[in-house]
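See below for the structure under consideration.
Just so it is clear, none of the values below were taken in a lab; they were calculated from the coordinates. All values derive from a computational prediction rather than experimental measurement. Note that we place each Cβ from the backbone using ideal geometry, even for glycine, and neighbour counts take in every protein chain shown.
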Amino acid sequence: MTAEAWPLWEVFVRASRGLSHVHVGSLHAPDEELAVRNARDLYTRRGEGVSIWVVRSDLITASDPDAKDAFFTAPEGKNFRHATYYTAAEGVKHL
Amino acid sequence: MTTTTEAPTDTDGRARFDQLIASDSRVEPRDWMPDDYRRTLIRQMSQHAHSEIIGMQPEANWITRAPSLKRKAILMAKVQDEAGHGLYLYSATETLGITRDELTEQLLSGRAKYSSIFNYPTLSWADIGAIGWLVDGAAICNQVPLCRCSYAPYGRAMVRICKEESFHQRQGFEILLTLMRGTPEQQRMAQDAVNRWYWPSLMMFGPPDGDSPNSARSMAWKIKRFSNDDLRQRFVAMLVPQAEALGVTLPDPELRWNEERQAYDLGPIDWSELQEVIAGRGVCNAQRLQRRREAHEDGRWVREAAAAYAEKQRSARETAEAVA
């Protein structure tokens, strides 16, 4: 690893206790410890978070963006999976 | 990042790209995109990143001489923000397939351009106010529409940047207002800074629409949402009442409201001056690049030490794992 080519890290920040970590961006750093420190300086200068995750970008496996149709169509036509599908109970409270 | 299946053919990709643009949706890094779209974005986004990095210099020039501890702390926070903006934009640019090293090399070698506004000197403390009010104000006008740029990582970076820029603009306005409420000498200082920064800030929007060959294409791609002249008009309309609130005069004797057009008429802009600065003959071009090269060289030992430490930790961990 040369000093010029530090690996890329993806940064996730938890805005406050009780919320999920959310992806905020990426940065370069030589190791995980400095990645966390750099993320603190870069992404939480105004109290944006209480916790930071970093993960090396090359360790993420992603679904194919172009396979959207084939990969994500399964729920289509299955709107009975949503509460709004059931209308017979209209007007009944606490349902 | 690894992908689990193969990329589609160009024809499928182009149809999908055209459809994303037409429906005002966003293009993500691994979507197919035309080579020209990619090249245009790499150029625009990297120039933008370089501008943020070089933009640290004219302001850093006043950190040690800011009039109070509070002003020093504010200015340091602002310069730190500029570094942050540069880094958000560099990583967004890298999603297009160019490395950070290439981007850095383009800046240091002088091949890359950055905003000419940062090649003007900051002569007095009032310049820090004028930069915040005028330069950051112009930047906000340019950047707010970029939050809706068709290239998603650029848009996301811009959302973050715009939030922080509004602090920059307000602190600049406040510096000028403080000076304008001060002694006659302080008032002259504020007016002098406004006189020097007004025209260059108007030029930040780029050449008039008629002379901006790439604008139409960028607008068709929804990278750019408004033309240079439209944004410039919007900026001036914003400035006029703010200048009144400050009590400064905008240095354009021909500036007046045109009832018929419902817009301000501006005096002629001296584009030859901008051309000189772009061509590298501005007051500070050489100095800015020299300073950036020095900073890069001066930081080399830190980068090397950090890399060596990371390597040492990694091999120590491996040894420990092998023993266990």
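The table below lists the values:
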read-out	value
Computed [θ] at 222 nm, deg cm²/dmol, chain A (DSSP H ≥ 4; -39,500 (n - 2.57); rounded to nearest 500)	-5000 deg cm²/dmol
Helix-only mean residue ellipticity at 222 nm for chain B, each DSSP H run of n ≥ 4 adding -39500 (n - 2.57), per residue, nearest 500	-20500 deg cm²/dmol
Taking the range B:50-167 and dividing mean pair separation by its residue count, relative contact order in percent (alpha carbons under 8 Å, at least six apart)	29 percent
Distance from the range B:55-108 to the range A:13-47 (C-alpha centre basis), Å	18 Å
The range B:215-324 - charge dipole about Cα centre, Lys and Arg +1 at Cβ, Asp and Glu -1, debye rounded to 20	620 debye
Relative contact order for chain B, counting Cα pairs under 8 Å that sit 6 or more residues apart, in percent	17 percent
Packing rank of A:49-58, B:181-190, where each peptide gets the mean count of other beta carbons within 10 Å, highest leading	A:49-58, B:181-190
Cα gyration tensor shape of the range B:18-97, rounded if a/c is under 1.5, else prolate or oblate by comparing a/b with b/c	prolate
Dipole magnitude of the range A:5-95 about its Cα centre (Cβ charges: Lys, Arg +1; Asp, Glu -1), debye to nearest 20	540 debye
Least to most buried among B:THR104, A:THR73 (fewest other Cβ within 10 Å first)	A:THR73, B:THR104
Among A:TRP6, A:GLY77, A:HIS28 the positive-end extreme of the charge dipole of chain A (Cβ point charges)	A:GLY77
Cβ charges +1 (Lys, Arg) and -1 (Asp, Glu), total dipole of the protein assembly as shown, debye	1100 debye
Rounded if a/c under 1.5, otherwise prolate or oblate - chain B, Cα gyration tensor axes	oblate
Neighbour-count order for A:PHE80, B:PHE205, B:PHE118, fewest beta carbons within 10 angstrom listed first	A:PHE80, B:PHE205, B:PHE118
Eligible lysines near B:LYS163 by straight Cα distance, threshold 20 Å, same-chain separation 8 or greater	B:LYS78, B:LYS224
Residues with amide H under 5 Å from that of B:SER115, placed H, sequence gap 5 or more	B:SER51
Residue exposure sequence - B:ASP24, B:ASP209 - by fewest surrounding Cβ within 10 Å	B:ASP24, B:ASP209
Selection from B:PRO184, B:GLY86, B:ALA126, by position along the positive dipole direction of the protein assembly as shown (Cβ)	B:PRO184
Among B:VAL240, B:VAL194, B:VAL302, residue whose mean-square fluctuation peaks in a GNM of chain B (springs only between Cα atoms under 10 Å)	B:VAL302
C-alpha long axis of helix A:32-43 to longest principal axis of chain A, angle in °	70 degrees
Spatial separation of Cα centroids for the range B:202-235 and the range B:249-319, in angstrom	20 Å
Anisotropy class of the range A:10-84 from Cα gyration tensor, a/c 1.5 cut	oblate
Local electrostatic count at B:MET76 - Lys and Arg +1, Asp and Glu -1, tallied over other residues with Cβ under 12 Å	+2
Gyration tensor over alpha-carbon atoms, the range B:190-324, equivalent ellipsoid semi-axes in Å	49, 21, 17
